[in-house]
Amino acid sequence: MQKIISAIVADIGRVLLGKEHQVKLALACLLSRGHLLIEDLPGMGKTTLAHALAQVLGLTYKRVQFTSDMLPADILGVSIFERDSGQFRFHEGPVFSQLLLADEINRSSPKTQSALLEAMEERQVSVDGETRPLPEPFFVIATQNPLHQSGTFALPESQLDRFLMRISLGYPTREAERALFLGVDPRAQLRQLKPRIDGNTLKKMQGLVGQVKASESLLDYLERLVQHTRQSPECAMGLSPRGALALLHAARAWALIHGRSHLLPEDIQAVLPSVAGHRLQSEGGDGAQLVERLMRQVDIIAA
Amino acid sequence: MTQPAERLPRESLLWIFAAQFAALLPQFAQLPLWIVFAWAFAVYWRLEVFRGRRDLPGRAVKLLAVALAVGGLALSYRRWFALEPMVALLAVSFTLKNLELVSRRDAFLSLLLAYFVAATLFVYEQTIPYALYGIVCVVIITAALAAQLGNFSARPRRALGLSLKLLAQAVPLMLLLFIVMPRLGPLWAVPQNSASASTGVSDSMTPGDFTRLSQSDQPALRISFDGPVPPPEQRYWRGLVYSDFDGRRWSQGYGVDPREGGAVHWKGREQLLPEVGPRYRYRVIQEATNNPWLFAMARPISDTRGVGETEDERIVRRGPVYSRFAYEVRSWPRETLGEIHALGDFERRRNLQLPGGGNPRTRAWAEELRRAGFGAEEISRRLLAFYNRSFTYTLKPPALGADSVDEFLFGSQQGFCEHFAGSYVFAMRAAGIPARVVAGYQGGEWVAKEEYLLVRQYDAHAWAEIWIAGRGWQRVDPTAAVAPERIRDGLQSAAADEFMQDSLLPLHRMAFLNRLRLEWDMINYRWYQTVISFDSDKQQNLLQRILGEVSPLRLATFIAVPMAAALLGILLWLWFSGRGETLPATSRLYRKFCRRMARAGMARRSGEAPRDFARRVRAEKPELAPMVERITAAFEKAAYFDDPAAEKQLRRLLRLPMIKM
């Protein structure tokens, strides 16, 4: 199992140069059945990451570019009257795929956003009074531009909470950039990627995540972290129980990726910025610095 | 206009009014009624401002209010420099402050003033209910102060909670200050309203006086003894001596009262101290009487400051007893004293004085006895036998006419102690024997639990003293001849049917209530003994008892040691409560390791995971790395893999020195 995971990470690493940590985080997110939000500037490789993940994991992949004039039906699908058969037939929207890349989700209107977010939570879609299940597994990788860019609708907190993680890719390292200049073509690499696993293996791996053990000391640390967010005057609001659970799940997936059957505090610390960053709010606004402080203030060993 | 931040929190306004009301409530009974209305009006105006219906009054209105208040005070009180007008002035200024209650500073001013107003309450009353009320006041005022903090601090529970917490924390300090704070004597005498009615035995005796007192079960004296307690028939608490009779009224006569220039020995009569020690030593706590005379047994000497002895063997105080007053007395019963001075000429005449006319039958009867050549004792014996034969003791004697003694002795033959004492002294004087009426209290209820004698107003009594050549003044109680049980068991048994007949409810007949009342009196007695009468003498005594010797060093130790102990206790409590449940063993071991590393110059940062730490150690102090990595691995196994063997290994590793490999 460890071999497969390493191979997956290595494969994606060939497409997305020098972003191993982010790739692992994305993988951990998918393994713990969460949805991923990538926030970054245009052209940083968000789409590439999503695409590569789909390729390597052998998932059906669709991509939707969100625009401000999009309607929910554009994602979910629509019933169309067919003259030949004289009946309405449901044309599935892009949401009916195993991995959906919702590009620039914050460019669309809240109405459309919420249609997608509902599907993410329920893993099913109701159109024309009929409930249709989405394929298994179902992931959404949404990307969004930083909020200060023009023409964006910020996702409200309740919807941000649906995403297990929020990561950003950041500029490539010097070596990676140099490799790009030297003519390494990520797109060509992307096309060459072969699926390493199939849906069943993925399901099995997701099952393994739940088996990663967490000791008392570790749960204690987690509890103190969560308590701190709830009591610290710096946090406008603390982590919800859903947030705390998400943290535990993501940390388990992270431990699995690193081939451990037990959780270590490092696992929690590794996923904490991505899991808690968009859930916490400080007076100032963003939670990223808050998480940094949180990690420093709460010691791993109970005082 | 003040800055917004300085304005008082709107919601705290009601708290301020509540505090003012609490502080003023007991004063309302004393103050003129218009001040109450002035306060209510000021509060109303301020509330209208609060609701935005009115503006704060302008300068002209305020000036008018001040003028009205000062005018009102001048009209209500003729005298300025007395206690009541000063308290009223305080209350009025307190009231008017409401008209400019704008900023937080105003609120503080008003509330601090409220503390002061609440404290003036104790000028009038120092009893337990008032003390409890004082505590309530302080709680409310402190809560009102807490309400000024803003941020919803004015919510009742929050404000009261904070107030109670603060006050609870202040209690140890209060007790300490109570014990060690120097007791200053009053810097000036507070002029009190001397017109207020005096209670208890008065300086003259007319028929009916004692009947009035017999209706009251208010405590008059509480007496605790150091040493033997006198038997009931000896418990005569002398307060006044009446030597002057005008045919109806017995009074002290001119020049006896210290206020009229009567001689008082203020510094103890050392020259008179007999060889034999005093038979009785006791301490009397006297309720307020608004009179200067005090009560003691015969031949008293008091060492209490401001108490002196008079020529007629009583003790008096320099000023009237406006509030409870305690004094120490030593008494020598007369029979223990050897030397008797002869009765001076002036004294003899004074004690033989009779009105020019009236009561002819008694005079004739006494003259007859004298002619028969009987001595003083024989005449007295005959008179008492006469009482014993045909008189009845009653609280409701029939009214007497002009020749009151005649009518009593040969007519009605029903009376009360004042009738017996008065007629006895009259008859003795008529027979040529110096005699005088003594008024005070007789008997008292022995409170066994607290060991004191409780004397109530209905124990007021009058009896007689006659001069017997060679033996001096001798007490004769004519009432005892008629109703011995009055002396032995008190008024209640002597006149059971008539006792307190006029009271609305016959409460005194219910044993349970009597016991309850006695309990309450005991509590009051304790309260007075321990709290109110804690003056500089008692303070010295207490400190001496605790410290052995009152020196600055010992005093400082006395204060510092409990404080240090208390602080240490708090520290320990914080230490233990802060730790919560004890740490798991692995965490403790890892902490130990971290402390050791910190000494080695590699402190683990807060929040740094063990593995990251080990990595940093490898980078910064490679020589420590192997050991650190082994310890980290063992710790991880023990703490996160729940491996019991790893804990032992960790223990073992920690026993080794850091750089060993």
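The values are calculated or read from the model by the stated rules, or taken from the named source; none is laboratory data. Since this is a predicted model, take the numbers as computed values, not measurements. Note: ideal-geometry Cβ built from the backbone for every residue, glycine included; neighbour counts use all protein chains shown. To get the accessible areas, we keep the full protein, side chains included, count just its heavy atoms, and leave off ligands, DNA and RNA. Shrake-Rupley method; radii C 1.70, N 1.55, O 1.52, S 1.80 Å.
Within the range B:100-135, name every residue whose backbone N is under 17 Å away from a label modeled 7 Å from Cα of B:L167 along the Cβ vector. Counting only backbone N, you get B:111-122, B:127-135. For the listed residue pairs A:K3/A:K204; A:K24/A:K46; A:K19/A:K46; A:K3/A:K194; A:K213/B:K648, the alpha carbons are over 18 angstrom apart in A:K213/B:K648.
Residue-wise HN-Hα couplings along the range B:517-527, as the Karplus relation 6.51 cos²θ - 1.76 cosθ + 1.60 with θ = phi - 60° gives them from phi, are 5, 5, 4, 4, 5, 5, 4, 4, 4, 4, 3 Hz; Gly and Pro carry x. Net length available on complete extension from B:R370 to B:W446 is 23.1 nm, with 0.36 nm assigned per residue and the Cα-Cα distance removed.
On a 0 to 90° scale, report how tilted helix B:33-50 is relative to the longest principal axis of chain B, with both axes built from alpha carbons and the result rounded to the nearest 10. Here the helix axis deviates by roughly 20 degrees. Derived scalar couplings between HN and Hα for the range B:359-366 equal 6, x, 5, 5, 4, 5, 5, 5 Hz in order, rounded to whole Hz, by the Karplus curve 6.51 cos²θ - 1.76 cosθ + 1.60 (θ = phi - 60°), x for Gly and Pro. Each Lys and Arg contributes +1 and each Asp and Glu -1, all at the Cβ; summed about the Cα centre of the protein assembly as shown, the dipole is approximately 3060 debye. With the helix formula -39500 (n - 2.57) applied to DSSP H stretches of n ≥ 4, chain A reaches a computed 222 nm mean residue ellipticity of -14500 deg cm²/dmol. Taking amide H positions as placed 1.01 Å from N in the peptide plane, with prolines and chain starts having none, which residues 5 or more places from A:I300, or on another chain, fall under 5 Å of its amide H? Placed amide hydrogens put B:G607, B:E608 under 5 Å from A:I300. In this label model, B:F37 and B:W575 are separated by 6.6 nm, measuring between points 7 Å along each Cα→Cβ vector. Helix-only arithmetic for chain B: the sum of -39500 (n - 2.57) across DSSP H runs with n ≥ 4, divided by the residue total, places the mean residue ellipticity at 222 nm at -15000 deg cm²/dmol.
With protein chains left intact and a 1.4 Å probe, residues in the range B:4-180 average 55 Å² of accessible area per residue.
Think of chain B as a dipole: +1 on every Lys or Arg Cβ, -1 on every Asp or Glu Cβ, centred on the Cα centre; then among B:S12, B:L567, B:Q540, B:L567 lies furthest on the positive end. The relative contact order of the range A:210-297 comes to 33 percent, based on Cα pairs under 8 Å that sit 6 or more residues apart. Counting only other chain Cβ atoms within 10 Å of each residue's Cβ, the peptide B:639-646 averages 5. Under 5 Å from the amide H of A:E39 lie the amide H atoms of A:Q144, A:I167, A:S168, A:L169, each residue being 5 or more positions distant or on a separate chain, with H modelled from the backbone and absent for Pro and chain starts. The antiparallel fraction among DSSP beta bridges confined to the protein assembly as shown stands at about 75%. Extension gain for the segment B:R595 to B:R249, taken as residue separation times 0.36 nm less the Cα-Cα distance, is 115.1 nm to one decimal. Leaving out ligands, DNA and RNA, what percent of the accessible area of the range A:1-68 is carbon and sulfur, probe 1.4 Å? Using a 1.4 Å probe with all protein chains present, the range A:1-68 comes out at 54 percent carbon and sulfur.
Taken residue by residue and averaged, Cβ atoms of other chains lying within 10 Å of the Cβ of B:587-595 number 2. Qualifying GluC sites (Glu not before Pro) in the range B:513-597, where qualification requires a DSSP coil assignment and no more than 10 other C-beta atoms within 10 Å, comprise B:E549, B:E581. For the peptide B:607-615, the mean number of other protein chain Cβ atoms found within 10 angstrom of a residue's Cβ is 5. Only protein atoms count toward the accessible area here, which uses a 1.4 Å probe; on chain B, the carbon and sulfur part of that area reaches 60 percent. Centroid-to-centroid, using Cα positions, the range A:41-91 and the range A:118-164 are 12 Å apart.
Less than 5 angstrom separates the built amide H of A:R63 from those of A:L101, all sequence-distant by 5 or more or on a different chain. Summarising the label geometry, the points placed 7 Å from Cα in the beta-carbon direction at A:Q206 and B:V550 lie 8.5 nm from one another.
Averaging the sequence gap over all C-alpha pairs within less than 8 Å and six or more residues apart, then dividing by the number of residues, gives the range B:4-180 a relative contact order of 33 percent. Under the classification rounded if a/c is under 1.5, otherwise prolate if a/b is larger than b/c and oblate if not, where does chain B fall, given a ≥ b ≥ c as square roots of the Cα gyration tensor eigenvalues? Prolate, because a/c is 1.5 or more and a/b exceeds b/c. Solvent exposure of the range A:210-297 amounts to 41 Å² per residue of accessible area, where only protein heavy atoms count and the probe is 1.4 Å.
Converting phi to 3J(HN,Hα) with the Karplus coefficients 6.51, -1.76 and 1.60 and the offset θ = phi - 60°, the range B:443-452 yields x, x, 9, 7, 9, 5, 5, 9, 6, 8 Hz in sequence order, with x at every glycine or proline. Here is the interface size for A with B: some 1700 Å² of accessible area buried, both sides summed, with a 1.4 Å probe. Between B:L132 and B:R10, the contour length at 0.36 nm per residue exceeds the Cα-Cα span by 40.9 nm.
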